[in-house]
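Scroll down for the structure; my scribbles are underneath it.
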Protein chains: 4
Amino acid sequence: MIIVLNQNDQTTIENLKRHFGADHDVFVHQNRVAVQGITAEDLDDAERQAAVELIDQVPAAVQGSRLFHPEDTVIKTKHSLIGGANFSMMAGPCSVESLAHVTKMASVAKANGATVLRGGAFKPRTSPYSFQGLGEDGLKYLRQAADKYDMDVLTEVMDDEHVEMVAKYTDIFQIGARNMQNFSLLKAVGKTNIPVMLKRGMSATVDDVLNATEYIAAGGNHNIMIAERGIRTFDNKYTRNTMDVGVVPVLQKLTHYPVIIDPSHAAGHTEFVTPLGLAGVAAGASGLVVEIHDDPAHAFSDGAQALKPDEFKTLADKAFAIRELLASQPVQQEKAGR
Amino acid sequence: MIIVLNQNDQTTIENLKRHFGADHDVFVHQNRVAVQGITAEDLDDAERQAAVELIDQVPAAVQGSRLFHPEDTVIKTKHSLIGGANFSMMAGPCSVESLAHVTKMASVAKANGATVLRGGAFKPRTSPYSFQGLGEDGLKYLRQAADKYDMDVLTEVMDDEHVEMVAKYTDIFQIGARNMQNFSLLKAVGKTNIPVMLKRGMSATVDDVLNATEYIAAGGNHNIMIAERGIRTFDNKYTRNTMDVGVVPVLQKLTHYPVIIDPSHAAGHTEFVTPLGLAGVAAGASGLVVEIHDDPAHAFSDGAQALKPDEFKTLADKAFAIRELLASQPVQQEKAGR
Amino acid sequence: MIIVLNQNDQTTIENLKRHFGADHDVFVHQNRVAVQGITAEDLDDAERQAAVELIDQVPAAVQGSRLFHPEDTVIKTKHSLIGGANFSMMAGPCSVESLAHVTKMASVAKANGATVLRGGAFKPRTSPYSFQGLGEDGLKYLRQAADKYDMDVLTEVMDDEHVEMVAKYTDIFQIGARNMQNFSLLKAVGKTNIPVMLKRGMSATVDDVLNATEYIAAGGNHNIMIAERGIRTFDNKYTRNTMDVGVVPVLQKLTHYPVIIDPSHAAGHTEFVTPLGLAGVAAGASGLVVEIHDDPAHAFSDGAQALKPDEFKTLADKAFAIRELLASQPVQQEKAGR
Amino acid sequence: MIIVLNQNDQTTIENLKRHFGADHDVFVHQNRVAVQGITAEDLDDAERQAAVELIDQVPAAVQGSRLFHPEDTVIKTKHSLIGGANFSMMAGPCSVESLAHVTKMASVAKANGATVLRGGAFKPRTSPYSFQGLGEDGLKYLRQAADKYDMDVLTEVMDDEHVEMVAKYTDIFQIGARNMQNFSLLKAVGKTNIPVMLKRGMSATVDDVLNATEYIAAGGNHNIMIAERGIRTFDNKYTRNTMDVGVVPVLQKLTHYPVIIDPSHAAGHTEFVTPLGLAGVAAGASGLVVEIHDDPAHAFSDGAQALKPDEFKTLADKAFAIRELLASQPVQQEKAGR
């Protein structure tokens, strides 16, 4: 249950912690206190009287809920503000292939407005015999390339044992779709203070995604963003996955974490990446994460879905234009109206 | 197989018809001749020499294919141009409720740029005990309301026996999602020359949709548009269906028929209709079809997803703005580049 | 709401009909009266006192519900008893191809315990250019073949205009999966007294299926059976559809109509038909409907999934053996225990 | 590609290893050699002449393929034979709750033919605030209970860091559905020689499952069984998941690993567990893994789907009876015929 208090009623907050802290999870956000597993009847008179509002239907992912934390989370990294009124472009190669190559891709990304450089050094491949990434060397190249262009690094960590090592190089952890419910890994990144991009699993419901964020938040890390990268449906002949663009406004209603669109994995084919990316922007996403490559035919992985530099420029220009157009109209009012 | 000829090579067209017409379906579009069920070896020497190009991998839905008909279909009704470079807004109540009400909704639709008035007089309801529509009276009201505001009528026909009667009132037939593979009905509207909006079935693949269009085209009616209204997936807790926005560029690549987005049925809840509609526009849809109501709480059907007039104004304004923004950039070139 | 009365309380039944019949749908089954759209407060004192039990949470498909009709429906045709403790084998070719061929298939079906001969004369094909069936001639052949072996005929009707004609030849109408929500067709067969096999649509939920049965029951025809033939999921590489065997006990709990398994369309490939059919029997299905062909490679349609006579014999022998094994154990008690 | 040699042609096996071993993955099973990433043209004349057969279309999961390893894998544990002509019953509580409780459940399992005792000590719960299992204490209780009744232990390992510790107590590792593509974990259990039950992910295709087994096999551990526990589809109102019973014969065709059915997670509700379990047996599964509890209402987790002892007895008796019935008929011949 969530107890909403008057601003700065520190006394009741301390009372509630003392009262319930030993036996229950208690979370505090400003003037809101969430106590897991109690009902209004468990409150004492003083607590009940101090309450401005009692919210008893609370989702399992309470810390991620707008009911507990109404305002947007804005994640601050060295070079980016992600969430709220901001729009963030993130781009880079699927795999880090070499220092020279990732540096070149960083320059393309940066030139088109990206502040985050993505790239994989540990790759979750369907077959154990496929290229598995350059490992720590890849992370070093990625870091160097990002630093050269004053960008943040976004890269996948696949394993809780690797969290410490990857943390040395990255500004944002990516948790891949296949690991969305790898709870050991979620707990491990939850103990760091490095922002996390959690990719929605291929068949994860909205509630599943929110519960997965809570595994991170439970460790104390609230710098979480959620990425939609397409779900699995009955039709995958022409696109790799089905992009569920509706999840953008749905998640924005339910949670305060920024929602990012990954049109590359959703589309799976270059020709569909731009329309899907623009659809995500028009639906209100806080950013895009896009795979780019100057020579897709020879990419180490996922070449079929990588945009070439000029294609990425087209997407980026239109994406920023749509975002600007929507921002100049009263979008925020609508949101408040929900 | 498709035989591409020189422009105006009427002689070879006639030869091909004579040669294959008795035993095969033969379709002609400008300088392209499709003959079902033959291979290059079945052509005689003169035919083979006259061919500029031979295309042997042809989808079952040949008349709908870009391979047979490369340029966009533009549907002309009295008040609308649908497809190609045009953008069409279509709006109205889910059910026609009364003459006064549908007329009021027509004025709202028209004031915000709609040229097509939608409204249901025969309703395909999940339960036989739910409101089934006003029937022919509803059609009369709809026609009157549309005429008053110089709009086209779009309404559902559920039954091949009703085609003739509905044809007296409508400018565009709607085939509902549940009837997408009601082949008797598809054949019946295929014998008219009234444009048809075919709604994608809840679990219809892209190929299923294209094959369904072919049932209409086989009857001689080529004024077909396809509407995406959300598909059925594993997650329908927060939205009624999952809008598959990726189908817009996929269909535009494969077929020349206009693709329309119905964000109302996809969302199922008012608050998500506008982001979904805008996503559809940004992905390149040729139009939107939107349910509106001035008093959704008392709508005869589907009130939960109807936009109120001011909400519809917001959607329409932004939709036209995004379309204009994209049109002023080189969208067509991209398409050609595919 | 359902009002359960004492046995033979005809007086209250008549009272309820008089009281509510003008404004509400009222259905009576033995000592149970269902009145749509009322609550307990709408009953008068006498009615309330006469009630043994009031059930207010009633599914939309009330006549199909076990709450309204607790005992199993057993459908009686000339040669078969379908439902209840009975087990029915139905088999035949996908398409009726000729009198000779369908007669041969009837002999195979009969020899292995089938009492129902299936065969398509009107075929719902994905493409309009595929073989569409022999039409009324096919029906005649099917009827002759069935009569020769004292079997019932089961054949698809695709169109409400055809109901009368097909009725002249068939003992059981089949409504195909694509037409499961073709409400005009459902209403048309609902006005006959010929049993109906309703095939579950590819993406129909259990509630959708039950609501579709209600369109038939609403017309007065209660001789309904439901066939599971596989649903559409994300994986259709090795089987044509995903057989949802769990729907057998789920439907048996919710409805009194017999549930039949169609392993042929679920599997799509001969080698998987037998295991799927046996799974259906073990789950408690009231029967199987199986496609058979003596020369599958040259079948007019769906040859890939047709069992050859010796394969069908294996399936049928094992199916009857499993059914017998389960029947000799206390299956009914379990059911009662639910 | 797979090169099939004469029996005991050790010379060519050694040649192939020498020739390709440095640059390619080379696997040998009896007289079959799989070399990843080569074509027939890469073989030298002697190799080509020695080959009895060359198979060039090989799935990514080559070691799991019947093409590489035609005969069934039979897994031997201290108390069980799993796969081939054997049928294995595995049962136990969802969570280990106490030594006394798991011991009681072991006695129930054993009394009804189970040779494997399942129980969770580390639980992958959707919410971080749910019961997460007793941890290593739970493993100790489970081991003691199994030893008392001469049973094998089956328990989930969620984390590669735990593999060594869990290995001290278990006879079979379970990899949960959510971790099916946790490649770090798969590699970790692949380095042990303890049998692994890999549960199919909720939206994993057959190819995904096979590729996941290959991550285990690539480490040298070939004692793998695959468990179907239901997939995610559009309908989960009445069952927790949709049991894909068709995967049993499909997997048996493609791979030599035993296929086990978990009807408990598929059903999600006690009343549907038995029909689903029997369906799995009838489809040919090599075993069942079933959740049991003597007081489901107070189970620490998943009580809704736990069978009570007498319900489990009914399932087990019927399951063994169906298996026996099918075995006494020529099942093996069919398999060979595929």
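When a/c is below 1.5 the answer is rounded, else prolate if a/b is larger than b/c, else oblate, so apply that to region D:133-180 with a ≥ b ≥ c taken from the square roots of the Cα gyration tensor eigenvalues. Don't skip to the end; give the middle numbers.
Numbers: a/c = 2.09, a/b = 1.67, b/c = 1.25.
It comes out prolate by the Cα gyration axes.
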A correct Kirkwood calculation over the Cα atoms of region B:4-110 returns a hydrodynamic radius in Å of 17.2
Over region B:75-337, with neighbouring protein chains present, the accessible area per residue in Å² at probe 1.4 Å is 30
Counting only protein heavy atoms and rolling a 1.4 Å probe, one gets per residue an accessible area for region A:1-62 in Å² of 57
Once phi for every residue in region A:32-48 is put through the Karplus expression 6.51 cos²θ - 1.76 cosθ + 1.60 (θ = phi - 60°), the whole-Hz ³J(HN,Hα) values, with Gly and Pro written as x, are 10, 10, 9, 10, 6, x, 10, 10, 4, 5, 7, 6, 8, 4, 4, 5, 5
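Using a ≥ b ≥ c from the Cα gyration tensor of region D:2-55 (square roots of the eigenvalues), is it rounded, prolate or oblate, where a/c under 1.5 gives rounded and otherwise the larger of a/b and b/c decides, a/b for prolate? Walk me through the intermediate numbers first.
Values: a/c = 1.41, a/b = 1.21, b/c = 1.16.
It comes out rounded by the Cα gyration axes.
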With x for Gly and Pro, the residue-by-residue ³J(HN,Hα) of region D:69-83, computed from phi through the Karplus equation 6.51 cos²θ - 1.76 cosθ + 1.60 at θ = phi - 60° and given in whole Hz, is 9, x, 7, 4, 6, 10, 8, 9, 10, 4, 10, 9, 10, 10, x
Expected max-MSF residue from C:Tyr149, C:Tyr129, C:Tyr215 in the GNM of chain C (alpha carbon, under 10 Å) is C:Tyr129
Using a 1.4 Å probe on heavy atoms of the protein chains only, the accessible area for C:Glu164 in Å², nearest 10, reads 150
Looking at region C:140-171, residues buried by 30 Å² or more relative to their chain on its own, accessible surface at probe 1.4 Å, turn out to be C:Met158, C:Asp159, C:Asp160, C:Glu161
At 20 °C and 1.002 mPa s, the Stokes-Einstein diffusion coefficient in µm²/s for region A:47-106, with hydrodynamic radius from the Kirkwood sum on alpha carbon pairs, is 135
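Return the value, in Å² to the nearest 100, of accessible area buried between chains C and D (probe 1.4 Å, both sides summed). It would help to have the intermediate numbers written out before the result.
Details: alone 15210 and 15200 Å², together 26830 Å².
Using a 1.4 Å probe, the pair buries roughly 3600 Å².
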One decimal, nm, nearest first: from C:Phe320 to the same residue in each other copy, label points 7 Å out along Cα→Cβ, the values are 2.8, 7.3, 7.7
From most to least accessible, 1.4 Å probe, no ligand or DNA/RNA atoms counted, D:Lys318, C:Lys17, D:Lys78 line up as D:Lys78, C:Lys17, D:Lys318
Accessible-area order for A:Asp147, A:Asp56, C:Asp208, C:Asp171, largest to smallest, probe 1.4 angstrom, reads A:Asp56, A:Asp147, C:Asp171, C:Asp208
The correct pair for region C:78-210, radius of gyration to one decimal and Dmax as a whole number, both in Å and from Cα atoms, is 14.5, 43
Cα-based Debye curve of region B:191-233 sampled at q = 0.14, 0.20 Å⁻¹ gives log₁₀ I(q)/I(0) of -0.31, -0.59
Quick calc: nm separation of the 7 Å Cα→Cβ label points for A:Ala297 and B:Asp294 -> 6.2
Per the C-alpha gyration tensor (a ≥ b ≥ c, the square roots of its eigenvalues), region A:75-337 is rounded if a/c is under 1.5, else prolate if a/b beats b/c, else oblate; here it's rounded
Interchain or sequence-distant (5+) residues whose placed amide H lies within less than 5 Å of the amide H of B:Ile292 are B:Gly92, B:Cys94, B:Leu307
Per residue of A:226-233, other chain Cβ atoms within 10 Å number on average 4
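Using a 1.4 Å probe on the protein heavy atoms, what percent of the accessible area of region B:209-264 belongs to carbon and sulfur?
On the way: 430 of 1030 Å².
Roughly 42 percent, rounded to a whole number.
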Interface call, region C:115-130: threshold 40 Å², probe 1.4 Å, accessible heavy-atom surface of protein chains, chain by itself vs complex, result C:Thr126, C:Pro128, C:Tyr129
For region D:136-246, percent of DSSP beta bridges that are antiparallel (nearest 5) comes out at 10
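Within chain C, what percent of beta bridges assigned by DSSP are antiparallel, to the nearest 5?
Working: 15 of 43 bridges.
Here the share of antiparallel DSSP bridges comes out near 35 percent.
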Carbon plus sulfur, as percent of the 1.4 Å-probe accessible area of region D:2-55, comes to 40
The percentage of the accessible area of region D:124-189 (probe 1.4 Å, all protein chains present) made up of carbon and sulfur atoms, to the nearest whole number, is 41
The long-range amide H neighbours of D:Val153, using H built 1.01 Å from N in the peptide plane and a cut-off of under 5 Å, are D:Leu117, D:Asp171, D:Ile172
Placing one equal point scatterer on each C-alpha of region B:196-307 and summing with Debye, one gets log10 I(q)/I(0) at q = 0.10, 0.11, 0.13, 0.18 Å⁻¹ equal to -0.29, -0.35, -0.49, -0.87
Too long for a 26 Å Cα-Cα cut-off, among C:Lys123/C:Lys148; A:Lys253/D:Lys199; B:Lys123/B:Lys191, are A:Lys253/D:Lys199
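Taking 20 °C and 1.002 mPa s as the conditions, I'd like the Stokes-Einstein D for the protein assembly as shown in µm²/s, using the Kirkwood hydrodynamic radius from alpha carbon pairs.
Values: Rh = 33.5 Å.
D, rounded to a whole number, is 64 µm²/s.
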Candidate span helices, chain A: DSSP H, at least 20 Å along axis from Cα coords, Kyte-Doolittle average at least -0.5, result A:309-327
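Treating only the Cβ of Lys, Arg, Asp and Glu as charged (+1, +1, -1, -1), what charge dipole size does the protein assembly as shown show about its Cα centre? Round to the nearest 20 debye.
0
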Expressed as a percent, the portion of alpha-carbon pairs in region A:273-324 spaced more than 14 Å apart is 49
Partner shielding of A:316-322, as the mean number of partner chain Cβ atoms within 10 Å, equals 3
What a careful reader reports for the chain D Cβ nearest the rotation axis onto chain A, distance rounded to whole angstrom, is D:Ser203, 2
One finds the C-alpha centres of region B:1-57 and region B:146-196 to be spaced, in Å, by 33
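The values are calculated or read from the model by the stated rules, or taken from the named source; none is laboratory data. Predicted model, so just to flag it, every value in this text is computed and none were measured. Cβ coordinates were reconstructed from backbone atoms using ideal geometry, including for glycine residues, and neighbour counts include every protein chain displayed. Surface areas here come from the heavy atoms of the whole protein model, side chains and all, with no ligands, DNA or RNA. Shrake-Rupley method; radii C 1.70, N 1.55, O 1.52, S 1.80 Å.
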